[in-house]
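To start, the structure under review is shown below, and the notes come after it.
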Protein chains: 2
Amino acid sequence: MKANRVHNFSAGPAALPLSVLEEIQESFLNFNNSGMSITEVSHRSKWFDDVINDAIERTKRLLKLDDNFEVLFIQGGASMQFCMIPMNFLHGNKTADYVDTGTWSTKAIKEARIQGKTVHVASSSEDKNYSYIPKDIEFTDNAVYAHITSNNTIKGTQWSNFPDTGNVPIVCDMSSDIMSRSFDPSPFGFIFAGAQKNIGPSGVCMAIIRKDMLDLVPEELPTMLKYTTFASKKSMFNTPPCFAIYTIQLVLKWLEESIGGLEKMEILNQEKARHLYDFMDSGDFYKATTEKDSRSLMNVTFRLHDEALEKHFVEEAIENDLNGLKGHSSVGGCRASIYNATTMDSVKALTDYMKHFESKNG
Amino acid sequence: MKANRVHNFSAGPAALPLSVLEEIQESFLNFNNSGMSITEVSHRSKWFDDVINDAIERTKRLLKLDDNFEVLFIQGGASMQFCMIPMNFLHGNKTADYVDTGTWSTKAIKEARIQGKTVHVASSSEDKNYSYIPKDIEFTDNAVYAHITSNNTIKGTQWSNFPDTGNVPIVCDMSSDIMSRSFDPSPFGFIFAGAQKNIGPSGVCMAIIRKDMLDLVPEELPTMLKYTTFASKKSMFNTPPCFAIYTIQLVLKWLEESIGGLEKMEILNQEKARHLYDFMDSGDFYKATTEKDSRSLMNVTFRLHDEALEKHFVEEAIENDLNGLKGHSSVGGCRASIYNATTMDSVKALTDYMKHFESKNG
């Protein structure tokens, strides 16, 4: 670990690749020989146009998107998408299916219903406190879309395989696992991801839209709430969040050129998660909170014997340069978020600390 | 001018204070001894809480806001506010007044009408291509609000004094001149400003709301489109644009501690604008495009004899390290944006170049 840096297990904003941070730092007063900071160059300049074009092209290559897809950058986080998705796609007496795997999908359902839209909860894991991903779901044949949350940062669950929705396009919140693995994009009509976990800083949401979905967007929506505005103006109807998009561009470059693509990234993520889960499963001091076949490779949630011990575990971890291990306030416990930028070295430092803590407190 | 830096006259994103950029650069791998970048720390951490609290407090001190006002940070730029303002404040058969000074106010009117809201254009300067700020406007007594754009970046006009709207709260788009001068905030019900001109990078809009305006917000709006959500959660219902807010905090600190407040900033801005306008008025080679009493202190728009000469002027400026002098594509001509962070040295470098260019081409 570089001097003065800590191991960062925060759920988001989260660790970014050190080489990306160093490149931003190095060029911060003079971006690409412009004589200006990336925060100072016009979004209408050649400098920024190269940035956003490169971010779009890298996204298409990494996710193997053909020309049926557009890559958009929208502000407001995934939460804004919870409201924009039904506003853009769901009209009249049409229905959308939602799978409720907790927290984020619950919020997405709420935002559709606030607008008076017809939502069908096709399946829910609420019965077991959202500790698993539902199986054998019956989706509605003529639904406009089927909404799922690929990874739940708070509950620590993840879809290991995406469901078969037939001809119904999947709308997927990939905020916490986008670019962490490869997948077939063809069943997806809309993918969105707040950047601040796997691909950048907070302040921008990447959205990937299949072009036929744009036909569903009503003309009369406010300009900034229409996907057609973003698609027709390359996300620059107004000034985009330039710094956040620039950071995404560098993270995607790192994924392609340093890691070697999503297949390689997926193997690294599997190795990190296996190292941590295997260690926890080898004893009973640390108890993973989710069912084994629903475990997230991104957010490893676990409990200790009692809350006082968990507090002690989190605080002593900070003294040992391991940051961000407290579970979300809505569920308590502990959580290690091990997104793309978290290295195996950091994960090993964590299990070393966990062993040491157990030996003192077990 | 520091080595490798240029004079930046971009309209936005625009120049930021060099000392702010240097502080960001210096701390970019280790923010405030966290061992993490500001882009990596949790928005729920003490580190970020200190940042947003300080940004709010400095805003209140600089603008002399009492506790009737709340300071919010919202994504989507001023354009998102064009739709959120009528959505939040204008209901039933109520009317809002809008003064149309071009571009931004024209768009604001459009976004209210898209939603079927009743808008009364109280005055417009369209008759002279928006080259002036209207006077002696009759506002509607019982309007919910009166919307104005304090400075038009594209047309180069600025309200030197705000209008008397009686008891009707002013809603003001201050995107391009917030924090450039002092004013009495009491007639204002809502002030908003995309950050990327005077107070930070793109990706965040500062909004200042008088608390009684929150009573107008309907309960049933989508969560991310309600000002009450932002006011009740200190702009952190979901992950805010942390880096942009952090940069704003540093710019406000610079305004208070290096410049000495808005009265001092206003004097500096007047001196810079006077230097440039006086030079242009002293000859007829460069022709200011706006009426004298409506001239912007932020965006100095001017024309040369013909478009070919303007193109030559802008291109040769770049060769002389003077960037961003091309007028907006919708109006053509030339424009020097001289926001807070643009120094008198840069303005003098510009007039030196203008003299030289005139001597060669006059």
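Could you run through the stretch A:323-333 and say how many residues are in contact with a Phe, Trp or Tyr (Cβ under 7 Å, 6 or more places away or on another chain) and surrounded by 22 or more Cβ atoms within 10 Å (Cβ to Cβ)?
Looking only at that region, the number is 3.
For residue A:48, are the conditions met, namely being within 14 Å of chain B (Cβ to nearest Cβ), in a helix (DSSP H, G or I), touching a residue at least 40 places away in the same chain (Cβ under 8 Å) and not aliphatic (A, V, I, L, M)?
Taking the combined requirement at face value, the residue satisfies it.
Can you pull out every residue in the stretch B:83-115 that is closer than 19 Å to residue B:158 by Cα and of a type outside the set (S, T, N, Q)?
B:97, B:98, B:99, B:100, B:102, B:104, B:107, B:108, B:109
Among the residues of the stretch B:5-26, what is the count of those that are charged (D, E, K, R) and either surrounded by 17 or more Cβ atoms within 10 Å (Cβ to Cβ) or facing chain A (nearest Cβ under 8 Å) (or both)?
Matching residues across the stretch B:5-26 total 2.
Is at least one residue of the stretch B:267-284 within 14 Å of chain A (Cβ to nearest Cβ), over 22 Å from the mean Cα position of the chain (by Cα) and either of a type outside the set (Asp, Glu) or over 30 Å from residue A:200 (Cα atoms) (or both)?
no
Just checking, does the stretch A:97-108 include any residue being away from chain B (no Cβ under 13 Å) and assigned to a loop (DSSP other than H, G, I, E, B)?
Yes, that holds for at least one residue.
When both residues are 6+ apart or on different chains and their Cβ atoms are under 8 Å apart, which pairs have a first residue that lies in the stretch B:106-123 and is among the polar types (S, T, N, Q), and a second that is in a strand (DSSP E or B) and surrounded by fewer than 18 Cβ atoms within 10 Å (Cβ to Cβ)?
Close Cβ pairs (under 8 Å, with a partner that is in a strand (DSSP E or B) and surrounded by fewer than 18 Cβ atoms within 10 Å (Cβ to Cβ)) amount to B:118/B:95.
Considering only residues of the stretch B:260-270 that are of a type outside the set (Gly, Ala, Ser) and in contact (Cβ under 8 Å) with a residue 40 or more places away in the chain, which is farthest from residue B:339 (Cα to Cα)?
Looking at residues that are of a type outside the set (Gly, Ala, Ser) and in contact (Cβ under 8 Å) with a residue 40 or more places away in the chain, I get B:263.
Looking at the structure I just gave you, is residue B:247 surrounded by fewer than 20 Cβ atoms within 10 Å (Cβ to Cβ) and within 14 Å of another protein chain (Cβ to nearest Cβ)?
Taking the combined requirement at face value, the residue does not satisfy it.
Residues to consider are B:73, B:82; find the one that is part of a strand (DSSP E or B) and within 12 Å of chain A (Cβ to nearest Cβ).
Exactly one residue qualifies, and that residue is B:73.
Cβ-Cβ below 6 Å, separation at least six or inter-chain, first residue in the stretch B:1-19 and without any contact (Cβ under 8 Å) to a residue 40 or more places away in the chain and over 17 Å from residue B:201 (Cβ atoms), second polar (S, T, N, Q) and buried (at least 24 other Cβ atoms within 10 Å of the Cβ): which pairs?
Every condition considered, no pair remains.
Checking residue A:112 against (1) within 8 Å of chain B (Cβ to nearest Cβ); (2) more than 22 Å from residue A:196 (Cα to Cα), only one condition comes out false. Which one?
(1)
Does residue B:29 qualify as being within 7 Å of chain A (Cβ to nearest Cβ) and at pLDDT 95 or above?
Answer is yes for this residue.
The values are calculated or read from the model by the stated rules, or taken from the named source; none is laboratory data. Since we're looking at a predicted model, the values are computed, not measured. Positions of Cβ are backbone-derived with ideal geometry, glycine not excepted, and every protein chain shown enters the neighbour counts.
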